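Readers should treat all values here as calculations from the given coordinates under stated rules, not as data from a laboratory. Computed from a predicted model, the values in this text were never measured in an experiment. Cβ coordinates were reconstructed from backbone atoms using ideal geometry, including for glycine residues, and neighbour counts include every protein chain displayed.
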Amino acid sequence: MAQPKDFGFGSEEQMVRDSARKLLKDAAGIEALRALVARDHKAAYESAVQPAPWDERLWTQMVELGWTALAVPEDAGGAGMKMVAVAALAEEIGRAAVPSPLVSTLIATIVLRAAATRAAAAAAGTGPRLQDPPAAPAWLERIATGTPATLALTPPSGSWDPAETAVRAERSGSGIVLRGEVAFVQDARKAAFFIVAAAGEGGLGLYAVPADTPGLTIRPDRIADLTRDQARLGLDDVRVDASSILAAPGTAAEVIEAAMPAILTIVAADLCGAAEWQLQTTTEYARVRTQFDHPIGFFQAVKHPIVNMMMDVDRARSLVYAAACAIDADPTDAARLACMAKAAASDAGAFCSDRSIQLHGGIGFTWECDVHLYVKRQKHNQFLYGDAPYQRARLAALIDDKAGRPGQA
């Protein structure tokens, strides 16, 4: 199926992007970011034992503008906008490196949406029958009204395959008891509930676990990225009822697979936004920093790397919007394009980080230069849900799988 013109990016999507850019420029500029997370070395890296810094007033503004509802279907109280709009919003969040749970919440929304679609198929008789009524729509409604959420799928081993979960689920009366540990949970101390993958007798399931559930412990990680927090969850006889079953045992792998292209696209869009900031900031510095009676941008050794930064950003952004458009218009090609987008954006983030430090010269690696905030965010995003080599390996597997099917070579 041919993609629509301009990836289907129309006036509504442009309005989302422009309003996000204006708000974040006014309320979350680099001075605000520095004051929030980088006042001094000690306070910044004590974030593992202190509440993670974020502007809750800005979060309220985001909710009022409908950002948390953007990807929520209309029948669950959301805006039900296209994936290209979500990608545009994620790109602006990355451009401002906003310390907020919005990206994690958008990703959680995508998984809940896939779970709701799966449940609707079962109710229509086109999929396996569910033992319990579908719960995902109710949790989507909470996100639409501003409740932050995040995924808790990754085992301590670091595998991005949720089937390797270290959490077990057991039926106990009318509820479910969860036991185990989850690692690499993003924005854990900002989330009001977690989407936990757990293995049980019937297979892998997904469960919504509120942050204040008895038996749930949050152990913060000490990470380099100052714009977010990360933690491990301990689940010690955590009990949830049937209204928290998002994907029935045996169906979660299908739900996560369906959601993964959009998850990768959101993270890749964040990478592109941050890389664009690195490009623009480095370009501006090259205009004003003088050496040998010329701006340093006059010299080929500076201007050529900046052009290469621009090319990397444009290449990655094109793939991000191609992936987002495929999710909207041609889902059969979404996984391929999403792997390509995440790989290209990870490479662009790495290259732009390296050159932004190098071309800022002696101040580039200092605490006082704001470049380090973006370098650390980029490094974190590079590895989130798999870095570039990991995505290319997945892409190769997808291509091999398609080539091996009759009539698909």
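Some observations on this one:
- With 10 Å bins from 0: P(r) over segment 148-250, alpha-carbon pairs, percent: 17, 53, 26, 4, 0
- For trypsin sites (Lys or Arg not before Pro), the sites in segment 185-267 that DSSP calls loop and that have at most 13 other Cβ atoms within 10 Å are Arg222.
- Shape of segment 254-403, Cα gyration tensor, a/c cut at 1.5: prolate
- Three-way shape label, segment 322-409, alpha-carbon gyration tensor, a/c 1.5: prolate
- Counting neighbouring beta carbons within 10 Å and listing from fewest to most, the residues Ser244, Ser356 come out as Ser244, Ser356.
- Highest mobility in the GNM of the chain, judged by mean-square fluctuation with C-alpha springs under 10 Å and restricted to Tyr207, Tyr285, Tyr374, is found for Tyr285.
- Loop-located trypsin sites (Lys or Arg not before Pro) across segment 20-73 with a Cβ neighbour count of 14 or fewer within 10 Å are Arg39, with loop assigned by DSSP.
- Net charge, Ala253 excluded, C-beta distance under 14 Å - Lys, Arg +1, Asp, Glu -1: -3
- Comparing Asp387, Asp26, Asp312 in a Gaussian network model of the chain where C-alpha atoms under 10 Å apart are linked, the largest mean-square fluctuation is found at Asp26.
- Cα gyration tensor category, rounded, prolate or oblate, for segment 191-322 with a/c compared to 1.5: prolate
- Between the Cα long axis of helix 252-288 and the first principal axis of the chain there is an angle of about 10°, rounded to the nearest 10.
- Reducing segment 1-48 and segment 339-409 to their Cα centroids gives an inter-centroid distance of 19 Å.
- Normalised convex hull volume, segment 34-102, alpha-carbon set, Å³ per residue: 99
- Computed from Cα positions, the angle between helix 11-27 and the longest principal axis of the chain comes to roughly 60 degrees.
- Anchor Lys402: lysines whose Cα lies under 22 Å away (excluding residues fewer than 8 positions away in-chain): Lys342
- Residue-span extension gain [Asp75 to Val307] - 0.36 nm each, minus C-alpha spacing: 79.0 nm
- Of Leu24, Leu246, Leu65, the sequence from fewest to most neighbouring Cβ atoms within 10 angstrom is Leu65, Leu24, Leu246.
- Anchor Lys42: lysines whose Cα lies under 27 Å away (excluding residues fewer than 8 positions away in-chain): Lys190, Lys376, Lys379
- Of the GluC sites (Glu not before Pro) in segment 37-89, the ones in a loop by DSSP (not H, G, I, E or B) with at most 16 other beta carbons within 10 Å are Glu46.
- Per-selection metrics, segment 290-372 (Cα): Rg and Dmax in Å: 16.9, 56
- Comparing Pro101, Pro214, Pro261 in a Gaussian network model of the chain where C-alpha atoms under 10 Å apart are linked, the largest mean-square fluctuation is found at Pro214.
- Relative contact order of the chain: 16 percent, from C-alpha pairs under 8 Å at least 6 residues apart in sequence.
- Taken along its principal axes, the alpha carbon cloud of the chain reaches lengths of 78, 55, 38 Å, longest axis first.
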